[in-house]
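A quick write-up on the structure given underneath.
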Amino acid sequence: MTAASLFHLARPDHDGDAGAPLLGANEFGTQFGLLPREKIELMVRRGMISSPEIEEAQFQPASLDLRLGARAYRVRASFLPGKDFPVRERLDALRSADDEINLEGKGAVLERGCVYVIPLIEHLNLPDSISAIANPKSSTGRLDIFTRLITDKSDVFDRVARSYEGPLYAEVSPRSFSVRVRRGSKLNQIRFRRLNSQQLEGSDFGLKEKELRERHEKIPLVDGDLELRRGGLVLRVGLGAEPVDGIIGYKAQKHADVLDVDRTDYSIADYWVEVRARRDKRLILDPDEFYILASREKLQIPADLAAEMVPIDPAMGEFRVHYAGFFDPGFGAGANNRPSARAVLEVRSYEVPFFLEDGQVIGRLVYEKMAEAPHLLYGASAVSNYQGQGLKLSKHFRMD
C-alpha cells in the first residue's frame with residue numbers, strides 16, 4: 001500500500017473514534033524528516049501511537065519517551081526475533097515460568113549483569129511513510145543501563161520499519177548498578193522519521209559535510225574550528241582541569257546500593273568515584289569499568305536540526321562511548337548564538353586498559369533535518385535537565 005493511498009484510510013483514534021482520518025498532507029505539512037513534538041502528539045491522537053493515559057512529560061522536542069509495562073522477563077541472553085518471528089515467541093523459548101517479574105506498585109530490582117526483556121506500554125501502528133529509531137534516554141545512559149528497543153519480526157535493534165504494527169519491547173541490562181524500576185518508568189525514547197519516495201529504502205539521513213560547513217559559518221555548531229569526518233562533527237574528550245576541584249570525570253563504584261530510576265536525590269559519593277585531572281592530561285581506562293567524561297567542545301543544535309552521537313571507527317580505540325545518542329533541537333543554544341553545552345560521554349573500556357589523552361577523538365555527531373522546527377525547543381521546559389551542561393551526572397544525583 002502506498003503512502004498516498006494510506007492517508008485516505010480511516011483508523012481508530014486514540015479515544016475510540018473509528019472515523020478519525022489518518023495524517024494527511026494538511027496535517028503533516030509538506031516537509032520530510034524527523035517529526036517534532038507537535039506531530040508526535042498528532043500521531044497519538046490518530047492512533048498511530050497507542051498509549052493509555054499518555055503523560056505530558058513523555059513528549060520531548062523531537063522524540064517520545066517510552067514506558068515500561070507491568071511485567072519484566074529475565075532471559076538467558078540477548079536476542080533478536082528475526083524476520084519470521086514475533087518477540088513473544090522467542091521470549092517464551094528463552095525463559096521459564098520463574099523468570100516473570102511483577103513491576104506493578106513498588107516495582108522490582110533488575111540485577112546488575114542480567115538481561116531482561118520488558119514489554120512497553122506503547123504500541124505502534126505506522127503508515128508506510130513513517131519509520132522510527134530509538135535510543136536510551138540521556139539519564140539511562142549515564143547510569144550505564146544498556147537499553148535497546150526490539151520489535152516483532154526484526155533482525156536489528158533500535159529500528160522500527162515503516163508500516164510496523166505491533167508491540168514494542170525494551171531489552172534492559174544494568175551494567176554498573178542494580179536498579180529498581182516499575183510500571184511507567186522511562187528508560188528509552190523513540191524518534192519518528194517521515195520519508196519521501198526516494199528515502200523509503202535509504203539508511204543515511206545525515207546532513208552532508210558541505211551543508212554542515214555552510215551552517216557553521218552562519219551559526220556555529222561548535223565553539224572552535226569545525227572538524228568533520230565521515231559526515232559527522234568530530235568530538236574530542238576533555239581531560240584538562242575543570243574550573244571546580246579539577247574533576248574531569250566520574251568512575252562507577254563496583255558494589256553500590258540499588259538505585260531507583262525514579263528518584264532524584266542520591267548522593268554522588270555513594271555511587272561514583274571522582275576522576276581528577278593529571279598533569280599529563282591522560283586517563284587510563286580500566287577494563288570493564290564505566291566512566292562519565294565530557295567533550296572538550298561546546299555544542300549547539302539548531303532549531304531545525306536534531307543530532308545523534310554515533311561511534312567512532314572501532315579501529316581507533318578499544319572502548320565504547322555514548323549509549324544515549326539523541327540531541328534535541330535547541331540543545332546547547334547559548335546567548336548570541338554561541339554553543340554552551342558539552343556532550344557527556346559514557347565510556348566503557350573493553351578487554352584491555354586503554355590510554356585516553358586530552359583532545360583525543362572519541363565520537364561523531366551526525367545531524368539530521370527536522371520536518372519542521374518544534375514550537376518548544378530543548379531548554380525551554382522544566383524537563384530539560386542537561387541544557388548548558390558541562391561534566392554532569394544523571395538527574396538522579398544531587399550536586400552537593
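Hey, can you tell me all the residues within region 202-237 that are farther than 19 Å from F331 by Cα, surrounded by 15 or more Cβ atoms within 10 Å (Cβ to Cβ), modelled with pLDDT of 90 or more and not aliphatic (A, V, I, L, M)?
The answer is E209, and nothing else.
With S173, S129 as the choices, which residue is of a type in the set (G, A, S) and more than 22 Å from L34 (Cα to Cα)? Can you show your working first?
On the way: S129 fails: more than 22 Å from L34 (Cα to Cα).
Step by step, each of S173, S129 is checked, and only S173 is of a type in the set (G, A, S) and more than 22 Å from L34 (Cα to Cα).
Looking only at residues in region 58-85 that are over 24 Å from the mean Cα position of the chain (by Cα) and loosely packed, with under 14 Cβ neighbours inside 10 Å, which one is nearest to I150 (Cα to Cα)?
Initial filter on region 58-85 (over 24 Å from the mean Cα position of the chain (by Cα)): 76, 83-85.
With loosely packed, with under 14 Cβ neighbours inside 10 Å added as a condition, the list becomes 76, 83-84.
Working: R76: 16, K83: 12, D84: 14 Å.
Result: K83.
When the residues of region 256-281 are filtered to those that are among the aliphatic types (A, V, I, L, M) and loosely packed, with under 14 Cβ neighbours inside 10 Å, which remaining residue is nearest to F355 (Cα to Cα)?
Per the stated criteria, the residue is A269.
Please go through region 95-145 and give me each residue that is among the hydroxyl-bearing types (S, T, Y), touching a strand residue (DSSP E or B) at 6+ places or on another chain (Cβ under 8 Å) and free of Cβ contacts under 8 Å to residues at least 60 places away in the same chain, ordered by number.
Y116
Kindly indicate the residue of region 337-376 that is among the small types (G, A, S) and in contact with a Phe, Trp or Tyr (Cβ under 8 Å, 6 or more places away or on another chain) and also surrounded by the most Cβ atoms within 10 Å (Cβ to Cβ) among those meeting that condition.
To start, the set of residues in region 337-376 that are among the small types (G, A, S) comprises 340-341, 343, 349, 359, 363, 371, 373.
Checking the rest, the ones that are also in contact with a Phe, Trp or Tyr (Cβ under 8 Å, 6 or more places away or on another chain) come to 341, 343, 349, 371.
Details: A341: 25, A343: 29, S349: 20, A371: 20.
For region 337-376, the residue satisfying everything is A343.
Search region 153-166 for residues being in contact with a Phe, Trp or Tyr (Cβ under 9 Å, 6 or more places away or on another chain) and crowded, with 18+ Cβ neighbours inside 10 Å, and hand back the single one that is farthest from S50 (Cα to Cα).
S154
Condition first: outside any loop (DSSP other than H, G, I, E, B), more than 18 Å from the chain's Cα centre (by Cα) and surrounded by fewer than 22 Cβ atoms within 10 Å (Cβ to Cβ). Now tell me which residues in region 125-141 satisfy that.
Kept after step one, since they are outside any loop (DSSP other than H, G, I, E, B), are these residues of region 125-141: 125, 130-136, 138-141.
Those still in the list that are more than 18 Å from the chain's Cα centre (by Cα) too: 125, 130.
Result: N125, single match.
Taking region 373-394, which residues are modelled with pLDDT of 75 or more and either assigned by TED's automatic domain parsing to the domain that holds L35 or in contact with a Gly (Cβ under 6 Å, 6 or more places away or on another chain) (or both)?
As a first pass, look at region 373-394 and keep what is modelled with pLDDT of 75 or more: 373-378, 390-394.
Matches in region 373-394: L377, Y378.
Failed condition for S51, given (1) in contact with a helix residue (DSSP H, G or I) (Cβ under 8 Å, 6 or more places away or on another chain); (2) hydroxyl-bearing (S, T, Y); (3) farther than 22 Å from P374 by Cα, with all others met?
Tallying (1) in contact with a helix residue (DSSP H, G or I) (Cβ under 8 Å, 6 or more places away or on another chain); (2) hydroxyl-bearing (S, T, Y); (3) farther than 22 Å from P374 by Cα, S51 fails exactly one: (3).
When only residues in region 6-55 that are assigned to a strand (DSSP E or B) and over 18 Å from A306 (Cα atoms) count, which is modelled with the lowest pLDDT?
Among them, the one singled out is A10.
Of the residues that make up region 230-248, is at least one small (G, A, S), touching a helix residue (DSSP H, G or I) at 6+ places or on another chain (Cβ under 9 Å) and assigned to a strand (DSSP E or B)?
Yes, the conditions are met somewhere in region 230-248.
Given the criteria modelled with pLDDT of 80 or more and part of a loop (DSSP other than H, G, I, E, B), does G363 qualify?
Spelling it out, it is not the case that G363 is modelled with pLDDT of 80 or more and part of a loop (DSSP other than H, G, I, E, B).
Mind telling me which of the residues V273, V310 ends up being of a type outside the set (D, E, K, R) and free of Cβ contacts under 8 Å to residues at least 24 places away in the same chain?
Exactly one of V273, V310 is of a type outside the set (D, E, K, R) and free of Cβ contacts under 8 Å to residues at least 24 places away in the same chain, namely V273.
The values are calculated or read from the model by the stated rules, or taken from the named source; none is laboratory data. Model, not experiment: these values are computed from the prediction. Every residue, glycine among them, receives a Cβ derived from its backbone with ideal geometry; neighbour counts consider all protein chains shown.
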